[in-house]
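Only one structure is covered here, and it is reproduced in the block below.
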Amino acid sequence: MLRPQVFKLLRVKLLCSLALLFSLELALAQDQLPFVVPADKQQLPDSALVETSKGAFEIQFLRQEAPVTVANFEYLARKGFYNNVGFRRHVPGYIIQGGDPTNSGKGGPGYTLPPEFSTIKHQKGMMGMSRHPNEVNSQRRSNGSQFYITLGDAPNLDGFYTLFARVINGMENVEKLRPADKILTIRFPRKLIQNESQ
């Protein structure tokens, strides 16, 4: 006959195993994203034209450094997710933040993204993904849709956030954006043409 202590120990082990299984399922579910990342990163778009209420700006994607984030941005933009979504936060000389359909700082598409940190620096005009602080986000996963654009160099952000694009045209329009402004539409005018001699 088993002693009560043995039953207690077995029950604790069973509960720990169930908790581990649940956390594993949760982690796997977080990476079951609604889009496919192509094996060939050159199949991702090279650039996008973001039209806003303050004018357009063009971004070039960091396909090699952040393929999942680039694929996600393209997926959401082609769905029209960003159309008429406002910018919610402006810190002069630092960042403008957008991509939250609720304008609360808590909105997104219903999933988060794995971090894709790189050695690229947060110089003026870099575009990165927002995320919750480490205290509530130990995996440092990115928000599924909220992004920021740096309005000046921000070395304090280096290595802590996923950078996925840079502004290559229209930075003067980015600098005019304020929380009342909106993204009107995002278009993908071209893909990078590879040099055939490579």
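The values are calculated or read from the model by the stated rules, or taken from the named source; none is laboratory data. If you're wondering where the values come from, they're calculated on a predicted model, not measured in any experiment. Glycine gets a Cβ as well: all are built from the backbone with ideal geometry, and neighbour counts include every protein chain shown.
Data overview
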quantity	calculated
Some residue of segment 151-158 being modelled with pLDDT under 95 and of a type in the set (A, V, I, L, M, F, W, C)	no
Tally, over segment 73-101, of residues that are of a type outside the set (A, V, I, L, M), touching a strand residue (DSSP E or B) at 6+ places or on another chain (Cβ under 6 Å) and within 26 Å of Thr119 (Cα to Cα)	5
Evaluation of Val68 against (1) more than 15 Å from Asn143 (Cβ to Cβ); (2) part of a helix (DSSP H, G or I); (3) aliphatic (A, V, I, L, M) (one fails), failing number	(1)
Restricting segment 78-104 to residues that are of a type in the set (Ser, Thr, Tyr) and surrounded by fewer than 14 Cβ atoms within 10 Å (Cβ to Cβ), the residue that is nearest to Ala154 (Cα to Cα)	Ser104
